[in-house]
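Presented below is the structure to which this report refers.
The values are calculated or read from the model by the stated rules, or taken from the named source; none is laboratory data. What you are looking at is a predicted structure, and each value in this text was computed from that prediction instead of being measured. A quick note on method: Cβ atoms are made from the backbone with ideal geometry, for glycine too, and the neighbour counts reach across all protein chains shown. The area values use the complete protein model at the heavy-atom level, side chains included, leaving out ligands, DNA and RNA. Shrake-Rupley method; radii C 1.70, N 1.55, O 1.52, S 1.80 Å.
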2 protein chains.
Amino acid sequence: MNSSRPVTIKDIARRFRCSPSTVSRALNDHPAINEDTRKNIQEYAREVGYQRNEVSLSLLNKKTASLGVVVPTISNYYETAVIEGLHTVLQPMGYTLNICVTNENYLLEKEYLSKLLSNRTEGIFLSVSQETYDSGYYEHLENVIQRKTPLIFIDREYEDFETSRATVDDYHGAFAAVEHLISIGYKKIAHLKGPNGLTVSEQRFKGYVDCLKKYDMPVQEELIINTNFKVESAIVPTKRLLDMASPPDAIFGANDQVAIGAMRVVKDRGLRIPQDMGLVGFDNSPISAYTFPSLTTVSRPGRKIGMEASRLFLNQVNGSGDFVHENIVLPSELIIRESSLRI
Amino acid sequence: MNSSRPVTIKDIARRFRCSPSTVSRALNDHPAINEDTRKNIQEYAREVGYQRNEVSLSLLNKKTASLGVVVPTISNYYETAVIEGLHTVLQPMGYTLNICVTNENYLLEKEYLSKLLSNRTEGIFLSVSQETYDSGYYEHLENVIQRKTPLIFIDREYEDFETSRATVDDYHGAFAAVEHLISIGYKKIAHLKGPNGLTVSEQRFKGYVDCLKKYDMPVQEELIINTNFKVESAIVPTKRLLDMASPPDAIFGANDQVAIGAMRVVKDRGLRIPQDMGLVGFDNSPISAYTFPSLTTVSRPGRKIGMEASRLFLNQVNGSGDFVHENIVLPSELIIRESSLRI
DNA sequence: ATAATGAATGCAAACGTTTGAAAAAATTTA
DNA sequence: TAAATTTTTTCAAACGTTTGCATTCATTAT
């Protein structure tokens, strides 16, 4: 009663004066077990709250049914949507997700990967941290590759690694967003860029630049300012844009958060959106539809990414040895709302 | 080279024609091992990418260093803040967090708890799902208690369970919010309530009701409408409020999301905030400071809750047997911003 | 009664690691 | 050179479970 040691098969065996094998078979409904024995043992097991020790089974079968999800953050809508997608597919298959948050920190990422391998995780979904990306380190991944643990990149990738990958087409999403602003008639479009070095930031930035070029519009250094993807980080940059001698008439934010930050500053200055200033975000976060005015944005199918990534993993696990890595790129979709609809 | 079986201590022992014990001791810097042997073995181990199998160690030591975090959702700011708090304290201590999302589903919650126990998780942080709460089921918890696995409730609780618990003082937060609206001079205050049955919803609701009563203001059924805590769910209810013969002049939203939904509807109707309509939310989510007007709200220290919950867990683990359960209630704080500052 | 069958159970090894105690090997001391 | 000491290594058991094979026991057929 006061001993909290979990009851084991051996305990039950002692109680019934039989061998552990018999108990194991009884609990697993093995046919070669006497009906009465089976019933008695099962009943007793239920009574004393027996729960099979999965750790020992993992050791025996070399299967842990657990997967690692290593992400830089979980405080954005998109990341949680991805996790939800992974969950939707993998949970019903008996997998447990081990979510590790690196806070964009290389050392933590490294430690997590090592720990996951030590715990014999059967697969790893990785969105590399910014620090890792910046530094160009990749030794911590070699171990994963060497061990042939399936590794699926989410969003961020190393070009020179042979792995599967699921990504949103940030480039074309950004391109479409800027093209839309141009089509409406905005002439001078600024960009609140995401953190340097991240694939998502750079791809969106590239979409922005290429679109301007396509329409023979100048790409002006002073119209491109960095943020860290958080609301606050858009405040100062936006003020700087508005303080310019000839300020932009539209802003393309690298995500909804910074667009919303910009929206606030613009309105504070008494400018009207979209008449005086056009505004586009990225993510299609739930709140973007309910700002005032509602925010034109680019949808990013996080849930789908999670589900696709799961599929890639399952392919790799179930497939034969000569498995070919896939690179899934899901389209992003421009969602036109009030913040850019100047008539 | 092509065999992906992880290299074990036995493999290394074979290679050096020594016993596994020697290898184990060499890798762990045991003093009774010859310096040369140690160096050779360590070098070779590094070369072949040896990583200790933690599963076998878990079995041996009956320690898994993994903790379960069972929450209904991770798509809100608050929940992720809590997880971050847990993380901050527990990660450096070597614990791995196993995050399980129940989607407010009883069966899933039950399955997760059972799985966590089977995996010999050393502690569980639980915010029970709404379904569980509604149904009043608790058998799935008995197992946890019986096994003496430390169980820390976060926010939601069962009154009749002897466990530790960390919570925000929703009641007084809500009370303060409504009192603030009254002090400003708002006369008819509506409430966009959270899902019925949840402690957080009910406590905030109770704070609202009690505050009205304190100031001899009537509690009117038709001014209290349910939402599901999401932005969209505030739209129809707010419209219904505004369509009333004599509509309210202030709205207290059960969280920031619904307050922001309400804000949108109110502005669509051409009403001014805070002049024609006062508005208060709950959570102090990052975006609430940057809406236009910025949203008066009640801060909810999610990070702190996570850290406190960690502390409760550690107390229970390190403490002596005659451990007394603690019930931490952190204060929430009214953050006054523009949406309620009618002068 | 005995051999042959079938049903029910037990034995032992395996998964990978650690660890106290014993053994072996090397070194020092007398 | 033998004994004593120290250093280094090995043995064996343990963690909890499963499973092929061997064993026991009861039943049936001869």
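Checking the a/c ratio against 1.5 first, then a/b against b/c, what shape does the Cα gyration tensor give for the protein assembly as shown? If you can, show how the numbers build up before the last one.
Values: a/c = 2.37, a/b = 1.36, b/c = 1.74.
Oblate, since a/c reaches 1.5 and b/c is not below a/b.
Extending 7 Å from Cα along the Cβ direction at A:K188 and again at B:M244 yields two label points whose distance is 4.9 nm.
Taken over the alpha carbons of chain A as equal point scatterers, the Debye sum produces base-10 log I(q)/I(0) values at 0.06, 0.09, 0.11 Å⁻¹ of -0.32, -0.60, -0.78. Seen from a random direction on average, the alpha-carbon convex hull of segment B:20-73 projects onto 5.7 square nanometres.
Can you figure out the FRET efficiency of A:N327 with B:V324, using R₀ = 45 Å and their beta-carbon distance, to the nearest 0.05? It comes to 0.20. Distances from A:N143 to itself in the other copies, using label points 7 Å out along the Cα-Cβ axis, amount to 3.3 nm in increasing order.
What chymotrypsin sites (Phe, Trp or Tyr not before Pro) does segment A:14-83 have in DSSP loop regions with at most 14 other beta carbons within 10 Å?
On the way: sites: A:F16, A:Y44, A:Y50, A:Y77, A:Y78; in loops: A:Y50.
Here no chymotrypsin sites (Phe, Trp or Tyr not before Pro) fit, given the DSSP loop and packing criteria.
Its residue count N fixes a reference of 2.2 N^0.38 Å for segment B:145-272, and the Cα radius of gyration divided by that reference is 1.20.
Axis angle, to the nearest 10 degrees, between helix A:35-47 and the longest C-alpha principal axis of chain A: 50 degrees. Please report how far the C-alpha centroid of segment B:237-281 lies from that of segment B:168-219, rounded to the nearest whole angstrom. So the separation of the two Cα centres works out to 15 Å. Taking 0.36 nm per residue of separation and subtracting the current Cα-Cα distance, fully stretching the chain between A:T88 and A:N228 would add 47.4 nm.
Let me have the 222 nm mean residue ellipticity of chain A computed from DSSP H runs of 4+ only, each contributing -39500 (n - 2.57), with the sum over all residues rounded to the nearest 500.
Values: 13 runs with 147 residues, N = 343.
That calculation yields -13000 deg cm²/dmol at 222 nm.
Evaluated with a Cβ-only charge set (Lys, Arg +1; Asp, Glu -1), chain B carries a dipole of roughly 1160 debye about its Cα centre, given to the nearest 20. Take the accessible area of chain B alone and of chain A alone, subtract that of the pair, and you get about 5300 Å² summed over both chains, using a 1.4 Å probe. Label point of A:E35 (7 Å along Cα→beta-carbon): distances to the other copies' equivalent points are 7.3 nm, sorted ascending.
Relative to the Cα centre, what is the charge dipole magnitude of segment A:1-74, using +1 at the beta carbon of each Lys and Arg, -1 at the beta carbon of each Asp and Glu, and rounding to the nearest 20 debye?
Values: 12 positive and 7 negative charges, 49 e Å.
My answer is approximately 240 debye.
Net charge near A:I124, counting Lys/Arg +1 and Asp/Glu -1 over other residues with Cβ under 14 Å of its Cβ? Could you put the intermediate results ahead of the total?
On the way: positive: A:K110, A:K115, A:R120, A:R147, A:K148, A:R156, A:R165; negative: A:E109, A:E111, A:E122, A:E142, A:E157.
Net local charge, A:I124 excluded: +2.
Loop-resident chymotrypsin sites (Phe, Trp or Tyr not before Pro) (DSSP state other than H, G, I, E or B) in segment B:166-273 with no more than 14 further Cβ atoms inside 10 Å of their Cβ: B:Y215.
Placing +1 on each Lys and Arg Cβ and -1 on each Asp and Glu Cβ, with no other charges, gives the protein assembly as shown a dipole about its Cα centre of roughly 1060 debye. At the residue level, B:K206 shows approximately 100 square angstrom of accessible surface with a 1.4 angstrom probe and all protein chains present. Between B:K148 and A:V317, what FRET efficiency follows from the Cβ-Cβ distance if R0 is 56 Å, with the result rounded to 0.05? Result of the calculation: an efficiency of 0.95.
May I ask what percent, to the nearest 5, of DSSP beta bridges between residues of the protein assembly as shown are antiparallel?
Details: 6 of 70 bridges.
Rounded to the nearest five, the antiparallel share is 10 percent.
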